[in-house]
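Values quoted throughout were computed directly from the atomic coordinates according to the rules given, and no laboratory measurement underlies them. From a predicted model like this one, the values you see are computed outputs, not experimental measurements. Every residue, glycine as well, gets a Cβ built from its backbone with ideal geometry; the counts of neighbours run over all protein chains shown.
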Amino acid sequence: MLKERYLKTSLSLLERVYAQNQSTIETLAPLIARSVAAGGVIHTFGSGHSEIIGREMVGRAGGLVCVSAILDTTGGFIENLPGYGRALAARYDRNHGLKEGEFIIVISNSGKNCSPIEVAEYAKEKGLTVIALTSMAMTREVATTHATGEKLYEVADYTLDNCGVMGDAVVDLPGREQAAGPTSTMAGALLINLLQMEVLDILIANDDPTPLLRSQNTEGAMEANIELARSYQGRLSKPL
């Protein structure tokens, strides 16, 4: 019974995610497409579990090659240590480059923790456009840990809403004061792939190249992927 409730709720939520974010995606896509066509990189950062969503875009068969992730090797363990997010972003910047005019997607379900907010701040100072991917329902209910009192969506230039509920879990357990069935990962993955699809639409309409990675399990794909990555040498977090 619980799995059926989770499926029904999740499918309804994903439809809402699509409808609610369509306008923002359509606004962002031409801007990102222009950057991609000019050789720009799309950067991602997610602290803790949110890193999964950022990694979904990186080195992904069927995805754009020009995506690179800022990775937190502590898995979010010290995401509320002041200055840590800024240090992560600065180290990544030295190694791979955060360049003016590029885009970064910063993912945090709650939008309250220091690291993602600091990464967003650092990127804005470098002249990047910041896209927050968060739960607006949750972030409005929680207190930020950042010294400025701001939350991620307040720092970002654009916000994508994963339409999740407070606490992320959507299925109440009968007879227990507990809930299960998180939705933030599936909703986040849908959002970033919807955004990529819209960017590809614009690239095609403008007769620009569509630098997509192929599955390395298909013939000739590894060689093709390596050739694609040559023009981004040193800029991608996942070497090809």
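Odds and ends about this structure:
- Normalised per residue, the volume of the convex hull around the Cα set of the chain (Å³): 133 Å³
- When the stretch 148-188 is described by a simple charge dipole with +1 on each Lys and Arg Cβ and -1 on each Asp and Glu Cβ, the residue from Thr159, Pro182, Gly149 located farthest towards its positive end is Pro182.
- Close amide-amide hydrogen proximity is noted between Thr44 and Ser68, Ala69, Ile70, Ile105, each under 5 Å apart and 5 or more residues distant or on a separate chain (H modeled in the peptide plane; Pro and chain starts excluded).
- As a rough guide to protection, the peptides 30-39, 215-224 ranked by mean Cβ packing within 10 Å, highest first, stand as 30-39, 215-224.
- Orientation-averaged projected area, Cα convex hull of the stretch 146-194 (nm²): 4.9 nm²
- Projecting the Cα atoms of His49, Leu228, Tyr92 onto the charge dipole of the stretch 2-232, computed from C-beta unit charges around the Cα centre, puts His49 farthest toward the positive end.
- Relative contact order computed over the chain (Cα-Cα under 8 Å; 6+ residues apart), in percent: 25 percent
- Dipole moment magnitude, nearest 20 debye, the stretch 2-232 about Cα centre, only Lys, Arg, Asp, Glu C-beta charged: 360 debye
- Distant-in-sequence amide contacts of Leu160, defined by a placed amide H-H separation under 5 Å and a gap of 5 or more residues or a different chain, comprise Ala132, Leu133, Thr134.
- Over the chain: helical MRE at 222 nm, DSSP H runs n ≥ 4 each giving -39500 (n - 2.57), nearest 500: -14000 deg cm²/dmol
- Between Glu79, Glu150, Glu125, the Gaussian network model of the chain with springs among Cα atoms under 10 angstrom shows the greatest mean-square fluctuation at Glu125.
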